[in-house]
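Q: Dumping the structure here so I can ask a few things about it.
Any read-out appearing in this document is the output of simple, stated calculations on the displayed coordinates, not a laboratory observation. Everything numeric in this text was worked out from a predicted model, so none of it was measured. Here the Cβ positions follow ideal geometry from the backbone for every residue, glycine too, while neighbour counts run over all protein chains shown.
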Amino acid sequence: MRAVSTTSPEPLIAGSMATWQCRIVLRGAPVEAGGCIVLRGAPVEAGGCVKIAYDLRGESGYDAFPQAKDPAAPNFASIEGPEGADLALEGYRSHHANHAAEALEERIESESYFWRDLLGIYSSLNLHVLRITVVSGRLEAGDELRVTCGDTSGGSPGMTVPGQAKPDWRHWVCVERAEGAPLELLGGDTVVVQPGPPERLVVVAPSIVAPDEEISVAHVALDACGNPVRRVRVQFPPAAAEPDAADVAEGANPLDRIRIEDERIGLAGESNPIEIVEEPRFRLYWGEIHGHTCLSDGGQRTPDQFYHHGRDTALLDFAAITDHDFGIGLHDPDKHWQMVLDAARDFNESGRFVTLPGWEISHAGLTDGQVYGHKNVYFLEDDPPFFSSSPYGKSRAHMDYTHIEELVDLLERARVSFMVVDHTSHMVTDWDRFVEGYTRLVEVYSFFGCSEALDVPVPVGRGSIPEECTARAGLDRGRMVGFTAGTDTHMGAPAAYRETSFGHGKVPGLTAVWATELTRHAIFDALWHRRTYATRGERILLHTAVNGRMMGEELLLPAPDESRRVAVAVAGTAPIERLDLIHNGATLRSFDGGGRWEMAIDFEHAEPMAGLPAAPGLGYYYARVVQEGGGLAWSSPTWVILPS
């Protein structure tokens, strides 16, 4: 007889309210009073026992774990057990960090690590746990427990199924045979979570095409939670060589959009804007370079599944896994890092989909009492080394260095090509610990919010980010970086339509790069030279230049009193509300979009150029686009270098 089996009377649909049962048969020694049987699940979006449906990686919300107090409320769970055993049921959350602890030694270990000890990467580091405690009596080997998740007999609407569809939603069961005893694994089972009906058709086309090129257009039908229901790719003939002159402004390139109606599912969608360019110098490619997998705290999805989603569902051109070093470094860092490298190598295919090896530097300086923010590091080579500074997990952790400067030395000695991107949405970026020469970009948006500055829509932390930690604060200190955006997915789903890993369905982020071709070398080169812009999930087409120097480039100004001509052209995915021109820490001018889908400005800034107070020889300009419906885009700055 199986120790654990999980069944549901009806199919489980992603994001729905439902009922399912977990049947547990005890084995081994008896369980005394004070002992408990623990029903556990993988990350909210991906897998494992009851807590998966209710942990912080689930559609139901960060705090919506199973409850046994109110039979009429959502997420009610009940327990049936043998006579003579008084059982109590409780749901709670186990995070990868014990945030309630003040001492570092207590903060860096939680129950999640004991689950990881038993199950390896099949156990998330952020769990919801449903605990069945023996209050009195005892449970003998062979006793059977039945846990009903989403018991509707008292009026509860059921339990929320995770928002992420999967064929193998994992349910694990462990036992503590006495209070404080170590966890023992009883067994596990999986159930299928199916996608819901299609509700949205996403159509993606190349952003830049030549007139004589055939166009490949993909569309994906998604359910309400962003799960793919149907995927189609079609070829369109070359664009007309002589577009209607009335539709094209003088000096501009023709624009097009493709509308697709999928009769099979009854949905229609329109593509991103397509610019038709004679002999384009650069192409525009779209990617997501900040996301996590089961190797750290990114849910149930593996590195392979991460890239599958990025390429085939999110329809990205490039992607990077940046698992936390504290996850990769647990137990067997060589094995885990090799999984990252193998996936990056296997999915890297020039002309189709590009990958970048990397990781997130999460706790540099922590063991020395310093906190200066998370940073992501990316590599050009297939087999760069891995190093960690995180103490999380205590004796399970493998630490190679303490401070970021030591990591730079290790990587320089390894003779690998790397770059660093600051992760300001974590709200603790210390611009004094800037990695000179290697930090090329800063992330201005993730699903946590905007970290560009305090005067932005949807600010990270609801505006609680210290102003000195924002991206613009770094620019004002003369840190010559460009902009990226990433989802920071914690459910292994880069650029997911709905990022539900913390239960709030935030909008993903995307990074656009101007590159010569779709290869790893070309994408890395574009990121290194800051030919990038960031968006809040929309494939907005954006050009900027200052005296002909495009975003990311440097303009050497012969004299401070020489005027600067700032040109911006936008093609939106929705009506444009406004275009803001940001100069040296403030909004220089805002232009009303007037509900247009395309707009262009050619603005002459004639005032003498003043340098930044903290860097008198430097200045910058960048554009911010605000669309109806919440779409946003930020160009990388064009940097102005003043004469000595």
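Q: Tell me which lysines have Cα within less than 27 Å of K506's Cα, excluding those fewer than 8 residues away on the same chain?
A: K51, K166, K375
Q: A further question follows. On a 0 to 90° scale, report how tilted helix 404-413 is relative to the longest principal axis of the chain, with both axes built from alpha carbons and the result rounded to the nearest 10.
A: The angle comes out at about 80 degrees.
Q: Still on this structure, please answer the following. Leaving out same-chain residues fewer than 8 places away, which aspartates and glutamates sit with a Cα under 13 Å from that of K69?
A: In chain and number order, the partners are E90, D151.
Q: Something else now. As a test of the formula, what do you get for the chain when each DSSP H run with n ≥ 4 contributes -39,500 (n - 2.57) and the sum is divided by the residue count, at 222 nm and rounded to the nearest 500 deg cm²/dmol?
A: Working: 9 runs with 69 residues, N = 644.
After summing the helix terms and dividing by residue count, I get -3000 deg cm²/dmol.
Q: Taking the Cα centre of each part, how many Å lie between region 428-506 and region 147-202?
A: Cα centroid to Cα centroid, the span is 33 Å.
Q: Separate question: Provide the FRET efficiency to the nearest 0.05 for the A101-H331 pair, computing r from the beta carbons and using R0 = 22 Å. Don't skip to the end; give the middle numbers.
A: Numbers: r = 22 Å, r/R0 = 1.02.
FRET efficiency, A101 to H331: 0.45.
Q: Each label point is 7 Å from the Cα along the Cα-to-Cβ direction; what then is the distance between the points at A88 and Q235, in nm?
A: Placing both labels 7 Å beyond Cα along the Cβ direction yields 6.8 nm.
Q: Also: Rounded, prolate or oblate: which fits region 271-336 when a ≥ b ≥ c are the square roots of the eigenvalues of the alpha-carbon gyration tensor, with rounded for a/c under 1.5 and prolate only if a/b beats b/c? Working shown, then result.
A: On the way: a/c = 4.01, a/b = 2.64, b/c = 1.52.
Because a/c hits 1.5 or more and a/b exceeds b/c, region 271-336 counts as prolate.
Q: Could you tell me the distance between the Cα centroids of region 564-607 and region 615-636, to the nearest Å?
A: Cα centres, region 564-607 to region 615-636: 9 Å.
Q: How long is the gain from D430 to K69 if the chain were fully straight, where each residue apart is worth 0.36 nm and the alpha carbon distance is subtracted? Mind showing how you got there, number by number?
A: Numbers: separation 361, 0.36 × 361 = 129.96 nm, distance 4.46 nm.
So the chain would gain 125.5 nm between D430 and K69.
Q: If you don't mind, another one. For the residue pair S563 and S395, what label-to-label distance in nm results when each label sits 7 Å from Cα along the Cα-to-beta-carbon direction?
A: My value for the distance between the label points is 7.3 nm.
Q: I'd like the orientation of helix 333-347 relative to the chain: the angle between its Cα long axis and the longest Cα principal axis, in ° from 0 to 90, rounded to 10.
A: Helix 333-347 sits at roughly 50 degrees to that axis.
Q: From the Cα gyration tensor of region 298-347, with a ≥ b ≥ c the square roots of its eigenvalues, which class applies: rounded if a/c is under 1.5, or else prolate if a/b is larger than b/c, or else oblate? Intermediate values should be presented prior to the final figure.
A: Numbers: a/c = 2.50, a/b = 1.90, b/c = 1.32.
In terms of gyration-tensor shape, prolate.
Q: What shape does region 62-207 have by the C-alpha gyration tensor, where a ≥ b ≥ c are the square roots of the eigenvalues, rounded means a/c under 1.5, and otherwise prolate means a/b greater than b/c and oblate the rest? Intermediate values should be presented prior to the final figure.
A: Details: a/c = 1.89, a/b = 1.29, b/c = 1.46.
It comes out oblate by the Cα gyration axes.
Q: Here's something else I'd like to know. Tell me, in nm to one decimal, what length is gained between D382 and Q194 on full extension, where the rule is 0.36 nm per residue of separation less the Cα-Cα distance?
A: This chain segment gains 64.1 nm when fully extended.
Q: Relative contact order of region 531-644: what whole-number percent is it, with Cα pairs under 8 angstrom and at least 6 residues apart?
A: Values: 287 pairs, mean separation 41.4, N = 114.
Taking the mean separation of contacting Cα pairs over the length of region 531-644, I get 36 percent.
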